[in-house]
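Right, one structure below, let's go through it.
Just so it is clear, none of the values below were taken in a lab; they were calculated from the coordinates. This structure is a prediction, so every number in the text was calculated from the model and none was measured. Positions of Cβ are generated from backbone atoms using ideal geometry, with glycine treated the same way; all protein chains shown enter the neighbour counts.
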C-alpha cells in the first residue's frame, strides 16, 4: 500500500544528472538508483518519498504500475497518478547535507558538477571547514543486512545513531 500524497513524479527525460542528484538529495532518495533508471531509458518514475520505493513508471510512452502495488490501485488512484505534477528541482539553498553528498558522488566519478556548489566548497576549504574525504552516506538496506548477518553489535555507533534518528 502507498500514500498518493507521499509520491513524487520525476520526469527523467527532462532531468539531467545534476537535477536528479538534487531531487534525490532533497527527498533523501537513492541517487544512483534513479540515475540507473534514466540510463535504462525510463521516461518517468513515481517514487514514494517515505521509503524510496518505485510505485509506477513510464517507459517508451507506456504507463505501468509496479507489480507489488497493482492491488492497491483503484480507478481514482490511477487517475491521480496520471495527474500528479512533475517534481520540480529544488533550489540548492533548501537541500540539507548537499555538500557532503556532492563531494562523495564527484569522487565516485559522477558528472554532477554544479558551479555554485564548487564555489561554496572552495570557500569552505579556504576556511578549512570541509574535509576533502567524505564518508559514504548511510544506506538503510546495507545496515539492516549487516545486522541480519552479524547481529546488532556489528554496526558502528554512527550507523546505530542513523537508525535511531530515522523517525524522530
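Here are a few things to note about the model shown:
- Principal-axis analysis of the Cα atoms of the chain puts helix 140-150 at an angle of about 80° to the longest axis.
- A helix-only calculation puts the chain at -12000 deg cm²/dmol for mean residue ellipticity at 222 nm, using -39500 (n - 2.57) for each DSSP H run of at least four residues, averaged over all residues.
- Neighbour-count order for 14, 62, fewest beta carbons within 10 angstrom listed first: 62, 14
- Highest-MSF residue in the chain out of 43, 11, 122 [GNM, Cα springs under 10 Å]: 122
- Inter-site label distance for residue 126 and residue 41 at 7 Å from Cα along Cβ, in nm: 4.7 nm
- Residue order, fewest to most beta carbons within 10 Å, for 154, 116: 116, 154
- Placing pseudo-labels 7 Å out from each Cα toward the beta carbon at residue 144 and residue 50 gives an inter-label distance of 1.4 nm.
- Using alpha-carbon coordinates, inclination of helix 98-107 to the longest axis of the chain, degrees: 80 degrees
- Per-residue Cβ neighbour rank within 10 angstrom, fewest leading, 113, 75: 75, 113
- Counting all C-alpha pairs of segment 4-83, share separated by more than 15 Å (%): 53 percent
- Rounded to the nearest 10 degrees, the angle from helix 17-26 to the longest Cα principal axis of the chain is 90 degrees.
- Within the listed set 108, 142, 79, the Gaussian network model of the chain (springs between alpha-carbon atoms below 10 Å) gives the highest mean-square fluctuation for 142.
- Stokes-Einstein D for the chain, Kirkwood Rh over Cα pairs, 37 °C, 0.692 mPa s (µm²/s): 184 µm²/s
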